[in-house]
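**Student:** Pasting a structure below so you can have a look.
Values quoted throughout were computed directly from the atomic coordinates according to the rules given, and no laboratory measurement underlies them. Because the structure is predicted, anything quoted here is derived from the model rather than measured. Cβ placement follows ideal geometry from the backbone for every residue including glycine, while neighbour counts extend to all protein chains displayed.
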Amino acid sequence: MRKKSKLQLAQEKAQETINKTNERIEVLGVHTRNLYEALTSIQGIFDKIRNVPTEKKLQYEKLKQIRLSWRQQAEKIEKDYKDAVVKDAGAGVAGVGVGVAVVTMGPTVAMGVATTFGVASTGTAISTLSGAAATNAALAWLGGGALVAGGGGMVAGEAFLALAGPGGWTIAGVALVTSGILFWKTKGDQKHIEDVFTAISERDVKSYSLAIVELNERIERIIDESGKLEDAIDKIQSYGFDYKKMTEEHQYTLGIYVNLMLSSTQLLINPIKGLKPKYVEEDFDRFVLWRDKKADSEICKKHKILIVSLANFLYKIDLDDRDKKLLWKSLRKNKKMLRLVNVSKKEFGIDIVDAVLEALNYKYVSNGT
């Protein structure tokens with residue numbers, strides 16, 4: 001049996017950690033659904049109470065709208081994901097993993113994804129991307145984790161472009177571009193490019209491992225707060241439904257329960273920080289405005305999404321000049337990757353890679369990292 005290379009072992013480890021992350025996101029979905037139902041139940045009881053001071057009522061009415069926005073975002077993610085899978089299956093894009101993806105992408109998983117990426121009170125994902133692009137980032141996460149491994153393909157070209165964070169380029173990108181190492185005639189070149197991809201996989205094992213810890217902590221907090229909400233539901237009903245007739249102690253306790261609803265709602269909508277993109281559109285916009293940059297402004301503007309995506313792909317990866325050229329040639333020779341990012345081989349000049357590296361260095365220096 002042929003011994004596995006360092007790159008193969010690193011990729012297997014990365015995929016193993018990705019699978020664990022996806023599993024925890026699904027578990028998160030189960031508990032966020034329970035939390036949402038508990039919050040809906042306690043909201044129903046508050047709605048029955050008469051004569052509540054206006055300012056107090058406005059507090060929990062606002063929370064109700066935030067929760068509804070979260071639910072709508074989860075439903076949108078589920079629908080868009082299934083639409084993308086069906087569309088791309090017909091186009092022959094998604095590959096053999098599609099059937100599994102359709103089955104596994106139900107309301108519970110969508111809720112886990114909605115919380116993982118976070119939603120604001122407007123229903124827009126808290127991300128560097130907004131609206132449809134934010135949804136596509138979530139699709140890219142699922143597409144990468146569920147489909148790219150084991151012979152599948154990217155869910156949607158549009159999602160591939162919009163992807164952000166370790167769930168996107170890391171999985172899909174490495175899977176797509178590692179085929180480029182087969183082009184190299186010398187073992188030295190091949191080893192260099194394998195070392196680059198190995199470093200990317202090792203970096204992301206660390207990112208996913210930290211994300212798993214964060215996901216587990218979120219799940220524990222949600223379980224705890226769901227239990228507190230259930231206890232609160234029983235107690236509130238014993239107070240009666242006229243605020244003016246309640247004791248001062250009961251009125252004070254209601255205020256505590258509104259604060260509990262607030263903290264519980266934050267557990268629904270706040271994103272998992274470990275899975276947020278390392279390089280965001282705001283980083284890119286600041287770089288473009290930098291007067292001393294060497295990168296061509298027109299190239300930057302034309303290939304903005306590609307540069308942002310590649311910046312996430314290469315975040316904190318050290319490349320020497322040889323590595324850079326080999327990586328560029330690998331990307332240019334991969335027709336499937338070029339098609340997915342909607343860039344021709346001729347357009348994909350080394351100046352794009354140079355722009356990516358300069359943009360990353362600008363962020364490192366600006367942040368002092």
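**Student:** Which FRET efficiency value, to the nearest 0.05, is calculated for ASP234 and GLN72 with the Förster distance at 35 angstrom and r the Cβ-Cβ distance?
**Tutor:** That pair, ASP234 with GLN72, gives E of 0.75.
**Student:** Calculated FRET efficiency, ILE223 and LYS346, Cβ-Cβ r, R0 56 Å, to nearest 0.05?
**Tutor:** With R0 = 56 Å, the Cβ-Cβ based efficiency is 0.55.
**Student:** So, one more: Dipole size in debye (nearest 20) for the stretch 219-347 around its Cα centre, Lys and Arg Cβ +1, Asp and Glu Cβ -1?
**Tutor:** 1680
**Student:** Extension gain GLN43-GLN65, at 0.36 nm per residue separation less the Cα-Cα distance, in nm?
**Tutor:** 6.8 nm
**Student:** Okay, moving on. Find out how many positive minus negative residues lie around GLU347, taking Lys and Arg as positive, Asp and Glu as negative, among other residues whose Cβ is under 11 Å from that of GLU347.
**Tutor:** Cβ neighbours under 11 Å give a net charge of +3.
**Student:** Another question, if that's okay. As an exercise, use a Förster radius of 25 Å and the Cβ-Cβ distance of LYS20 and LYS304 to find the FRET efficiency, rounded to the nearest 0.05.
**Tutor:** 0.15
**Student:** Also, quick follow-up: Please give me the summed charge of the neighbours of LYS294: other residues whose Cβ is under 10 Å from its Cβ, Lys and Arg +1, Asp and Glu -1.
**Tutor:** Charge balance near LYS294 sits at -4.
**Student:** Continuing with the same structure: What is the distance in Å between the Cα centres of the stretch 1-62 and the stretch 259-293?
**Tutor:** Between the Cα centre of the stretch 1-62 and that of the stretch 259-293, the gap is 18 Å.
**Student:** Continuing with this model, one more query. Of ASN312, VAL343, ALA355, whose Cα points farthest to the positive end of the dipole of the stretch 281-367 (charges on the beta-carbon: +1 Lys, Arg; -1 Asp, Glu; origin at the Cα centre)?
**Tutor:** VAL343
**Student:** Which net charge results for the neighbourhood of ALA211, defined as the other residues with beta-carbon distances under 11 angstrom from its beta-carbon, given Lys and Arg at +1 and Asp and Glu at -1?
**Tutor:** Net charge in that neighbourhood comes out at +3.
**Student:** Quick check on packing: order 214-220, 329-335 by the mean number of other C-beta atoms within 10 Å, highest mean leading.
**Tutor:** Highest-to-lowest ranking by the protection proxy: 329-335, 214-220.
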